[in-house]
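Asks: Could you have a look at this structure, given as structure tokens, before my questions?
The values are calculated or read from the model by the stated rules, or taken from the named source; none is laboratory data. These numbers were taken from a predicted model, which means no experiment stands behind them. Glycine gets a Cβ as well: all are built from the backbone with ideal geometry, and neighbour counts include every protein chain shown.
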Amino acid sequence: MDFGNITPNLAATVACTYLNAVGVSVQTNDNNGFQVYEYLDAALPAGTNLCAFPNTGAAFPMTPGAAITQSARVGVGPAVYAAGACAAGGAEIKTAAGGTIHNAGVAPVQPALTPAGEYVSNAAQSGTEIIGQASAAGSAVLAGEDLQLNVGSAAVSGAQSSFVTLQFVAL
């Protein structure tokens, strides 16, 4: 996904919202259920952050549904990142910096390297659980979200990039 050219405002944070940016579909026969996390593989440049907003429900984790829910936002997007938090219902996508390691896994690095097991990041340590279910999803279940890039007045200029990883975790 590409937010294109964004011009910072030297007096305030500006935001660019990408509607329906992420869609997740899961089908599993695991009776213990699943979780899907997302996190940044590397920190965004100083003065920027990325907020996710659920298209189903008011907050994360979303309850997956039988169909993907389109964004209901029209016109003005969510409020820009302020006072250390994303707008109501949003969650900041953070850099993988901790979490629970399963199967001797390590945090993945982009571009995609051969995975060495499962790396589970959690909200308390760095990641955001976007959807989860405590039972098998015998047929496909879906969820979607909007992403909002916030660029502060002190953000550096020039091309910037970072990878967002989505990880499915069988419970």
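Asks: Among the listed residues ALA43, ALA83, identify the single one that is in contact with a strand residue (DSSP E or B) (Cβ under 6 Å, 6 or more places away or on another chain), over 30 Å from ALA134 (Cα atoms) and modelled with pLDDT under 85.
Replies: ALA43
Asks: Is there a residue in the stretch 43-66 that is farther than 23 Å from THR95 by Cα, out of contact with any Gly (no Cβ under 8 Å at 6 or more places or on another chain) and assigned to a strand (DSSP E or B)?
Replies: yes
Asks: Consider only pairs whose beta carbons are under 9 Å apart and that are at least six residues apart or on different chains; among these, list those whose first residue lies in the stretch 143-165 and is touching a residue at least 12 places away in the same chain (Cβ under 8 Å) and surrounded by fewer than 14 Cβ atoms within 10 Å (Cβ to Cβ) and whose second residue is of a type in the set (Ser, Thr, Tyr) and in a strand (DSSP E or B).
Replies: VAL156/THR48
For every residue, the table says whether it meets (1) acidic (Asp, Glu); (2) surrounded by fewer than 21 Cβ atoms within 10 Å (Cβ to Cβ); (3) within 13 Å of the chain's Cα centre (by Cα).
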position	(1), (2), (3)
ASP30	yes, yes, no
GLU38	yes, no, yes
ALA58	no, yes, no
ALA66	no, yes, no
THR69	no, yes, no
ARG73	no, yes, no
ALA79	no, yes, no
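Asks: Out of (1) surrounded by 14 or more Cβ atoms within 10 Å (Cβ to Cβ); (2) modelled with pLDDT under 90, the odd one out for PHE53 is which?
Replies: (2)
Asks: Next question, about the same structure. Please give the number of the condition ALA11 fails out of (1) surrounded by fewer than 18 Cβ atoms within 10 Å (Cβ to Cβ); (2) part of a loop (DSSP other than H, G, I, E, B); (3) at pLDDT below 85.
Replies: Of everything listed in (1) surrounded by fewer than 18 Cβ atoms within 10 Å (Cβ to Cβ); (2) part of a loop (DSSP other than H, G, I, E, B); (3) at pLDDT below 85, ALA11 misses just condition (3).
Asks: Any residue in the stretch 1-28 that's on the phi > 0 side of the Ramachandran plot: show its pairings with residues that are part of a loop (DSSP other than H, G, I, E, B) at Cβ separation under 9 Å, as long as the two are six or more apart or on different chains.
Replies: ASN20/ASN55; ASN20/ILE68; ASN20/GLN70; ASN20/SER71
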